[in-house]
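First comes the structure, then the notes that go with it.
The values are calculated or read from the model by the stated rules, or taken from the named source; none is laboratory data. Not measured: the values here are computed from a predicted model. All Cβ positions, even for glycine, are placed from backbone atoms using ideal geometry, and neighbour counts span all protein chains on display.
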Amino acid sequence: MIQLIRQPVRLGPEGPQVLDDLPALPEGREETIAYRILNAHNTASGGSMKLKFDSLISHDITYVGVIQTARASGLKEFPLPYVLTNCHNSLCAVGGTINRDDHMFGMSACEKYGGIFVPANQSVIHSYARETLSGCGRMVLGSDSHTRYGALGTLGVGEGGGELVKQLLGRTYDITPPEVVAVWLKGRVRHGVGPQDIALALVGAVFSNGFVKNKVLEFVGPGVEALSIDFRNGVDVMTTETACLTSVWRTDGEVEKYFRIHGRPEDYRTLNPGAGACYDGAVVIDLDAIEPMIAFPFHPSNVYSIREFLEHPEDILDEVERKAQTQIANPNLRLDLKSKLRGGRFRVDQADIAGCSGGSFENLVHAARIMDGKAIPNEFFTMSVYPASGPVLMELLRTGAAGKLISAGAILKPSFCGPCFGAGDVPSNGSIAIRHTTRNFPNREGSKPKENQMASVALMDARSIAATAVNGGWLTPATEADYDDSVPEYRYDGTLYAKTVYNGFGRPKPETELRLGPNITDWPEMIALQKNALLEVASVIPDSVTTTDELIPSGDTSSYRSNPIRMADFTLSRRDPAYVVRAKAVQDLERCRQSGRLSQELEDLARRVREKTGFHGDNDAFLRETCFGSVVCSKRPGDGSAREQAASCQRVLGGLANICVEYATKRYRSNLVNWGMIPFTWDGDPAERFSPGDLIFIPGIYEAVRSLAPQVSAWLLPADGPAREITLHMKGLSQEEASIILAGCLINYYAGADN
């Protein structure tokens, strides 16, 4: 079904062939589609790539922070098209920012700086980007991890807000030249198999082994031309879950037709690998062999075929529940999926087809065809569908597909990303939902373990979701459904956007006053790194992977998105509720140190560290030259969302560093750096070495960062036991990254006179 080739390859008529001439790899990589696009956007020669993008895009969980950071760093106007969508308009008044306050801020910012504002419920972020920003050979940077438009020949990169700020200030996106992996598609998908099935099979094959981490996926092969554009988009957006950097596809007549339908024929050009193109590895996918899939909690890579699952449900659920239990923070809760089994059948409680992956025209047409003339169960089961954009909804209405869905009992809702991150259709306690969305991380669907509420999500394709819904909620693959899988011709009507979207690019109005609601606040002051650092371990997370949803929960916490101080109180709240208290205690000591109010606790702490480590100097020198901060220790943090709050909330609470074996994604490491936190790595399992309350003293950290030292010697002072020396790594720090850390954060760095 899926084959991984872990050696450099060239493409032959029958597929990837192992490359015998290894010296040809660097030159051959330049002939890939990916490198032709990257090189066209690279402003540097040799070494690190310094990229400038064609456009930017953010949604309403992230754009306030981006603009506030850019304002504090000297922003005058948007120098390139910057789109603000309002598709994450979550939980309008649950304790935090009222949505409309953020939207008024965004609209006023688009007037003031010359941006593009897409009102709520007009489109989800990535549908709008596909419809209006994409173009063969372009690059788009978005503050959402699913920024993927590769099926349209566009390199989309999802990053934290700090990277968008750099583009807004005329700076560059700096990366080490990435490896490229060919994804060779062959064959044709069978009846009842959809894009989510291909995507989940791919994620299951490459995520846990890190095969494509931080690499570019390039989709090629004869199987591409057999897929529609909606199908390709549905696979492409899920490449984020493989931990790759970005993805791109060869283009053809289907892509040309897409741009013609969307009134932009000039944005098409043929993209194919050049003669002699070489890749750092390959994934071969036999489309004929892919079956309807299901990804059980708590990760899109936890994948089985539905057939395989229904043949061995108890054995598989035993394993699913065992693994899930290690990720549930509340020891009083357990994931109980076996209770959903009845005579070898598995019954679900809720269904959703939504967002950038599920809400496409083609997915919903297929669902409508499967559900036509049938009905969903009318007890303990609900189903909602969310078209991805206004134009998609208009076509579903015109073709009659919307009517078929509604008459079957599905609830038709407006364009919205909420079901993907817990801001819509939160399941009841003990329920499991099946969703064609992007993620199923712990509690991402909105349940609250602190309040003894537990629910979960399994990911599936829209086709099998529809088949399951009309089969009484009993899990059913769409290959068993008899339906017409043809799709009517899509007609795009852009007049809706012409009527509702504000486009001020190139026409800033600097006299416009920003509309600041009462919960929209500036970032707190963050001091520069000092000569030495004393870290207190505030949390140790033993999980094999820590998602950004665990670092800063999505859902109701997002209502505080525009108030950094209040948002920070939710940091690690679902994974380690004691973290905030510990971090604030360290922060209080640092504030005392900065103010010169030397309490007895500070004096005793300084004396203890000096005596244990042999620090040369008295207490006054130690306290004058040493900044205090908290640190989070984990194995692989940062999988998932690009939301910079995963790092900025730690920084707002006085965090100075993370220590881990490796970072799950480049974007999380970038977020740490942009908020002035040191991205340490460690040779070993942090959970076996560090404990909450341990102190780590790093003498000379300022000079080590300034000189780009690859490692630094430190002292570990356990809460119990003798002090001992340890080595922490700072691999791959660039000069600009070091300067940001030394300054204390990106805002401070840009405020410097020499920058």
Exercise for review: Give the residue that is surrounded by the most Cβ atoms within 10 Å (Cβ to Cβ), with candidates limited to residues of region 398-450 that are of a type in the set (Lys, Arg) and touching a helix residue (DSSP H, G or I) at 6+ places or on another chain (Cβ under 7 Å).
Suggested key: 435
Exercise for review: Would you please name the residue that is farthest from residue 288 (Cα to Cα), looking only at residues in region 1-60 that are out of contact with any Lys or Arg (no Cβ under 9 Å at 6 or more places or on another chain) and of a type in the set (Ser, Thr, Tyr)?
Suggested key: 45
Study note, to complete from the structure: A careful count of residues in region 105-122 that are crowded, with 22+ Cβ neighbours inside 10 Å and within 17 Å of residue 500 (Cβ to Cβ) gives 7
Check your understanding: Before we move on, is residue 380 of a type in the set (Phe, Trp, Tyr) and surrounded by fewer than 24 Cβ atoms within 10 Å (Cβ to Cβ)?
Key -> yes
Check your understanding: Inside region 101-191, counting only strands (runs of 3 or more DSSP E) that do not spill past its ends, which hold 3 or more residues that are in contact with a Pro (Cβ under 8 Å, 6 or more places away or on another chain) and at pLDDT 95 or above?
Key -> 180-186
Exercise for review: Specify the residue that is surrounded by the fewest Cβ atoms within 10 Å (Cβ to Cβ); the eligible residues are those in region 712-736 that are at pLDDT 95 or above and under 30 Å from the mean Cα position of the chain (by Cα).
Suggested key: 729
Review point. Does residue 267 meet the test of being modelled with pLDDT of 95 or more, surrounded by fewer than 24 Cβ atoms within 10 Å (Cβ to Cβ) and touching a Ser or Thr at 6+ places or on another chain (Cβ under 9 Å)?
Key: yes
Check your understanding: From the residues in region 221-248 that are buried (at least 23 other Cβ atoms within 10 Å of the Cβ) and of a type in the set (S, T, N, Q), which one is farthest from residue 667 (Cα to Cα)?
Key -> 233
Exercise for review: Could you tell me whether any residue of region 87-108 is in contact with a strand residue (DSSP E or B) (Cβ under 9 Å, 6 or more places away or on another chain), farther than 21 Å from residue 519 by Cα and in the same structural domain as residue 171 (by TED's automatic domain parsing)?
Suggested key: no
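Quick grid of which residues meet (1) out of contact with any Phe, Trp or Tyr (no Cβ under 7 Å at 6 or more places or on another chain); (2) at positive phi; (3) outside the structural domain of residue 742 (by TED's automatic domain parsing):
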residue: 577; (1), (2), (3): yes, no, no
residue: 586; (1), (2), (3): no, no, no
residue: 625; (1), (2), (3): yes, no, no
residue: 637; (1), (2), (3): no, no, no
residue: 640; (1), (2), (3): no, yes, no
Check your understanding: Does residue 562 qualify as being crowded, with 19+ Cβ neighbours inside 10 Å, in the same structural domain as residue 726 (by TED's automatic domain parsing) and touching a His at 6+ places or on another chain (Cβ under 8 Å)?
Key -> no
Review point. Taking the stated definitions as given, is residue 549 in a helix (DSSP H, G or I), not assigned by TED's automatic domain parsing to the domain that holds residue 144 and not aliphatic (A, V, I, L, M)?
Key: yes
**Study point:** Lone qualifier among 282, 329 - being assigned to a loop (DSSP other than H, G, I, E, B) and either modelled with pLDDT under 95 or not assigned by TED's automatic domain parsing to the domain that holds residue 434 (or both)
**Key:** 329
**Study point:** Qualifying positions in region 54-76 - over 19 Å from the mean Cα position of the chain (by Cα) and part of a loop (DSSP other than H, G, I, E, B)
**Key:** 54, 73, 74, 75, 76
